[in-house]
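Derivation of every value follows stated rules applied to the coordinates shown; laboratory data play no part. Since the model is a prediction, treat every value here as computed from it, not as a measurement. Counting neighbours? That spans all protein chains shown, and the Cβs are built from the backbone with ideal geometry, glycine included.
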């Protein structure tokens, strides 16, 4: 039997925190290993408990969820933890900053329980939670704030076709849409996406979109 996904819940509102924990613990494939009410405690607990995923609120005392996410999943973290951000507002700048800090996706706090559970399982499995069109809307909305970054060694190693796929990912296209545009199979697209993430040392499609905007590959 597969071990359950270990979840840390971090939210300063006790009622929401308890609600999330109750919903998650009721699932046979999920297990809440800890709860906390501020970002600093979240970072400390995550480092001590090594959960598979942290469900992270954005606005919290002591240390906000964005900075806590950066400390747990940001660039240069030796053992990054997957972070699923929850927020009260849809597509606000806090969410964008959290994704840039290393989060793998986001949910609204008023999302139905099934969506929360799906989000946890999706992120825990290593996929980004955001739908392609939402990714495009979110990052595109704040693209003007993204400071250009220098090319990485991985980018210079991308083939012309891989760069083409990366631009389509950043344009909000799904794998099937990319396949139709390039007249290749969805399986081939998956292979290209995997290679791109590996070469650029990115965790998921969300990071690929942010990367493409920062490098000016899309506008």
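Grab the Cα-Cα distance for residue 157 and residue 125, subtract it from 0.36 nm times how many residues apart they are, and report the gain in nm with one decimal. Each step should come with its number before you reach the end.
On the way: separation 32, 0.36 × 32 = 11.52 nm, distance 2.69 nm.
So the extension gain works out to 8.8 nm.
Nearest 0.05, what FRET efficiency do residue 16 and residue 79 give at R0 = 25 Å with Cβ-Cβ as r?
Details: r = 28 Å, r/R0 = 1.11.
Calculated value: 0.35.
Would you kindly state how much longer the chain becomes between residue 3 and residue 214 on full extension, computed as 0.36 nm times their sequence separation minus their alpha carbon distance, in nm to one decimal?
Values: separation 211, 0.36 × 211 = 75.96 nm, distance 3.79 nm.
Computed gain between residue 3 and residue 214 is 72.2 nm.
Determine the gain in length on full extension of the stretch residue 118-residue 198; use 0.36 nm per residue of separation and subtract their C-alpha separation, reporting nm with one decimal. Don't jump to the answer; show the numbers that get you there.
Details: separation 80, 0.36 × 80 = 28.80 nm, distance 2.52 nm.
So the chain would gain 26.3 nm between residue 118 and residue 198.
Any idea how far apart residue 40 and residue 190 come out in nm if each label point goes 7 Å out from Cα toward Cβ?
Reported label-point gap for residue 40 and residue 190 is 4.5 nm.
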